[in-house]
1. Under a plain spin-label model, where a point goes 7 Å from the Cα along Cα-to-Cβ, how far apart in nm are Val72 and Gln317?
2. Where does each of Arg142, Arg237, Arg124 land when they are ordered by accessible area, with a 1.4 Å probe and the largest first?
3. Just to be sure I follow the rule: in region 85-335, considering lysines 8 or more places apart or on different chains, how many pairs have Cα atoms under 17 Å apart?
4. Nearest 20 debye, what's the magnitude of the dipole of region 85-335 about its Cα centre given +1 on Lys and Arg Cβ and -1 on Asp and Glu Cβ?
Amino acid sequence: MRWAEMRWIASVAMALAMLAGVALIDAASAQTAAPPAGQGAPPALSGAPLGRTSATEAEVMRQIRQGVQGYVSIPDKKAGVLIQSEGENWRNFRNGPESTYGTWVLLGMVIVLAAFFAIRGRIRIEAGPAHRTIQRFNAVERFAHWLTATCFIVLALTGLNMLYGRYILPPVIGREAFAALALYGKYAHNYIAIGFVVGVLLMIVLWVHHNIPNKYDMQWLAKAGGLFTRGVHPPSRKFNAGQKLIFWSVVLGGAVLTVTGFYLMWPFEFGMTVHDMQFMLVAHGVVGLVLIAIIVAHIYIGSIGMEGAFDAMGTGQVDENWAREHHNLWVAEVKGEAAQHGHD
Ligand code: HEM
């Protein structure tokens, strides 16, 4: 055989061997790309140079992104997930719609209240003060309220700092001061939550029986509590429908914040997966933002928005004319008078 013939045969053999080799590698890769059961030896990548990913590797990457386990031999379920794309989705939601709509909900509430104040002004005691007072809340009730209120305000401020602080504060107070504030704010958030839970539980015990819906609530809501119209005072017992909405928002919103916050304090405990943790974070953030907006409205009406209201939680004594205008049936009950069904 001449040299030329031998070289030709060798070339063909080499080509055939290479084709067979490629076919073998492909077959092997195809097997590894099948969803691994999570047990046994983890499948291996074919080792193609970076930047020249084969279709098979793309499939492997897709599965890794979907959280399929078994590509690494780490027995720990959580650590065995190489890439968790939902983490990116969660981060985008938190820093995108949650933050943006949260800003609008809070700013929207402030704008609505400012407009209401500009148009309606402070809601006055229309008959003027009677200069006779009546006890509205005793010391235990006021303690429960102010415990809940102070804890909630600290929780709201430290929570908002976690969501928005890094956009606003570092240029103002410097990065190091912000880092310290964020750290101690987080500690405060964790511990002060306990006071909030105790406060809400106390308020439930003290006030739940006054917050059961009754027939006057629909009338109150239909007239928007007379808040927009002078001289309109729908009948109300101890709490009107608007206050019941505040009470139940605090109780139900507080319950969601407590449960989700509890899991966030002990991440990945109690069988929580990374998905569960992301859900807890979203629920905690969204409910927290909505409850803050509601409480901003409550603080407005309980302070500058209505003459005579603050005293109820300040001294516990309210002016009798204020009480008759806003809670006529309750006044009748405590004074043992015949019930009048309000005037409007
Ligand atoms: C500085 C802030 C606050 C002020 C000035 C304030 C003022 C008041 C006043 C005056 C009342 C009694 C209303 C009445 O006599 O009918 C009240 C009741 C109440 N407050 Fe507050 N409050 C504040 C913060 C909070 C916070 C942060 C919460 C809860 C997170 C809260 C929850 C409640 C609840 C559930 C009631 C009973 C239902 C109602 O009257 O709406 N308060 N507050």
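1. Simple spin-label model gives 6.9 nm for this pair.
2. Values: Arg142 50, Arg237 105, Arg124 130 Å².
Final ranking, largest accessible area leading: Arg124, Arg237, Arg142.
3. Numbers: Lys215/Lys223; Lys215/Lys238; Lys215/Lys244; Lys223/Lys244; Lys238/Lys335.
Step by step, the pairs that qualify in region 85-335 add up to 5.
4. Working: 19 positive and 15 negative charges, 125 e Å.
It works out to roughly 600 debye.
The values are calculated or read from the model by the stated rules, or taken from the named source; none is laboratory data. Keep in mind that this is a model prediction, so the values were computed, not measured. Counting neighbours? That spans all protein chains shown, and the Cβs are built from the backbone with ideal geometry, glycine included. Remember, those area values only see protein heavy atoms, side chains included, never the ligands or the DNA or RNA. Shrake-Rupley method; radii C 1.70, N 1.55, O 1.52, S 1.80 Å.
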